[in-house]
Amino acid sequence: MRAQVLLFPTITAYGRLYCAPRRLHRYNSSSSPFLNLSLSRFSGGLFFHMEQFQSGTSSSGKKSMVENLKRYGVISSKRVAQVMEALDRGLFVPVGSSAYVDTPLPIGYNATISAPHMHATCLQLLEDKLKPGMRALDVGSGTGYLTGCFALMVGAEGRVVGVDHIPELVDMSIKNIEKSVAASLLKKGSLSLHVGDGRKGWQEFAPYDAIHVGAAASEIPQPLLDQLKPGGRMVIPLGTYFQELKVIDKNKDGSIKVHTETSVRYVPLTSRDEQLGGF
Ligand code: SAH
């Protein structure tokens with residue numbers, strides 16, 4: 001089936017704001033006409049269309065998704081491009097959704113899989129802390145897509161932990177990974193996915209070179225700062241309605257340096273009850 005892929009010519013100005021718009025949660029993931037419509041309205045019509053395969057998995061779909069992210073300067077690293085091309089987003093999105101469109105998609109439980117440009121942005125920011133043998137923690141691992149990318153980057157000698165507080169999402173993420181090129185890393189144990197409150201981090205494999213938080217916190221959870229290795233980096237969206245993607249570097253002496261990368265819109269980092277109750 002043919003469909004259209006949307007990309008924003010001004011991706012930093014518009015695209016990053018739409019990593020997880022909450023209004024999309026209420027809609028079925030197969031409602032791509034709605035997504036096209038709403039994105040069109042949000043972006044003031046400043047997007048263009050490219051032909052692409054719509055649902056299921058498609059190697060040409062992955063390839064052009066990555067090519068477009070490269071063209072708009074979201075991906076500049078060869079490793080990030082290779083990993084996003086190797087791990088098929090089509091295996092991680094709900095059946096029937098447009099896997100390679102640059103938009104977040106609802107995954108149930110009031111959560112979304114982030115848009116490809118957000119995954120790419122976070123991989124770029126963390127690339128130096130995702131070298132073979134390094135350790136990474138993915139808080140709010142959801143579908144497991146980004147967790148799987150981390151695992152491919154650090155390889156069998158590294159250690160990647162994904163934590164989500166919705167057991168059904170953790171089960172789903174394990175099934176997704178099992179179908180993917182990261183399956184052997186899960187089997188060998190260098191990648192694991194757990195149910196837990198990610199605000200507490202995951203002490204077992206700390207300290208981490210890289211910590212990614214996939215949901216917006218009102219403040220940086222202290223356990224995550226504690227579990228960040230000196231020399232390590234954390235990427236975390238901070239804020240409630242207005243949110244910014246913060247990059248936190250822990251210096252070798254333990255001091256912290258923070259900079260703001262961009263404006264974003266993520267679902268909240270919260271309690272399970274609040275999330276299931278619709279915030
Ligand atoms: N990065 C993932 C999911 C992003 S949605 C992806 O792209 O697939 C944010 C995720 O954070 C959801 O899966 C939600 O269940 C999870 N979450 C929110 N608060 C949490 C908490 N306190 N602990 C663990 N996971 C949390």
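The table below lists the values:
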quantity: Restraint check, LYS70/LYS131; LYS129/LYS257; LYS62/LYS129; LYS70/LYS175, Cα-Cα greater than 19 Å; calculated: LYS70/LYS131; LYS62/LYS129; LYS70/LYS175
quantity: Beta bridges per DSSP with both ends in region 148-279, % antiparallel, nearest 5; calculated: 60 percent
quantity: Measure of compaction for region 106-157 (Cα Rg per 2.2 N^0.38 Å); calculated: 1.17
quantity: Between region 67-90 and region 127-148, the Cα center-to-center distance that results, in Å; calculated: 16 Å
quantity: Modelled label reach - GLU178, point 7 Å along Cα→Cβ, region 126-168 residues with backbone N closer than 20 Å; calculated: 141-149, 151-152, 160-168
quantity: Antiparallel DSSP beta bridges within region 79-196, as percent of all bridges there, nearest 5; calculated: 25 percent
quantity: 16 Å Cα-Cα reach of LYS200 towards aspartates and glutamates, excluding residues that sit fewer than 8 places from it in its own chain; calculated: ASP138, ASP164, GLU219, ASP226
quantity: Rounded if a/c under 1.5, otherwise prolate or oblate - region 187-268, Cα gyration tensor axes; calculated: oblate
quantity: Cα gyration tensor, region 133-279 - rounded (a/c under 1.5), prolate or oblate; calculated: oblate
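Since every read-out is calculated from the coordinates, none of them should be taken as a lab result. Model, not experiment: these values are computed from the prediction. Here the Cβ is made from the backbone with ideal geometry for all residues, glycine too, and neighbour counts use every protein chain on show.
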